[in-house]
1. Could you give the angle, 0 to 90 degrees to the nearest 10, between helix 31-62's Cα long axis and the longest principal axis of the Cα atoms of the chain?
2. Modelled label-to-label distance, Leu16 and Val44, 7 Å Cα→beta-carbon offset: nm?
3. Taking only protein heavy atoms into account and a 1.4 Å probe, give the accessible area per residue of the chain in Å².
4. Beta carbons within 10 angstrom, averaged per residue: use that to sort the peptides 34-47, 4-17, highest first.
5. Quick check: residue separation of Lys8 and Lys54 times 0.36 nm, minus the Cα distance between them. What number comes out in nm?
6. Quick one: angle between helix 8-28 and the longest Cα principal axis of the chain, in degrees between 0 and 90, rounded to 10, please.
7. Evaluate Rg over Rh across the chain, taking Cα atoms for both radii and Kirkwood's formula for Rh.
Amino acid sequence: MKALLSSKPVLWFLFLFNLVVAAVAPFVVDGAQGVATAVGMGVVSLGAGGALLKGRKEGQHAA
């Protein structure tokens with residue numbers, strides 16, 4: 001299961017989808033719930049983006 005979640009297409013989907021939701025959530029959901037949703041989705045997006053960058057750096061060292 002870990003190999004599936006760490007594949008590039010899945011990481012790109014997680015990064016972009018969660019980034020969009022984090023940007024839109026405060027405007028769609030009112031109050032603290034919208035802010036909490038934006039923060040949570042932003043954290044997931046940053047995690048996926050970090051994994052993408054980590055994989056990119058590891059790929060450069062292997063070459």
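1. Helix 31-62 sits at roughly 10 degrees to that axis.
2. Once both label points are built, they end up 1.7 nm from each other.
3. 75 Å²
4. Values: 34-47: 15.4, 4-17: 13.4.
So the peptides 34-47, 4-17, ranked by packing, come out 34-47, 4-17.
5. 15.4 nm
6. Between the helix axis and the principal axis of the chain, the angle is about 10 degrees.
7. Dividing the radius of gyration by the Kirkwood radius yields 1.13.
The values are calculated or read from the model by the stated rules, or taken from the named source; none is laboratory data. Not measured: the values here are computed from a predicted model. Neighbour counts run over all protein chains shown; Cβ positions are idealised from the backbone, glycine included. The protein model used for the area step is the full one, side chains on, heavy atoms only, and it has no ligands, DNA or RNA in it. Shrake-Rupley method; radii C 1.70, N 1.55, O 1.52, S 1.80 Å.
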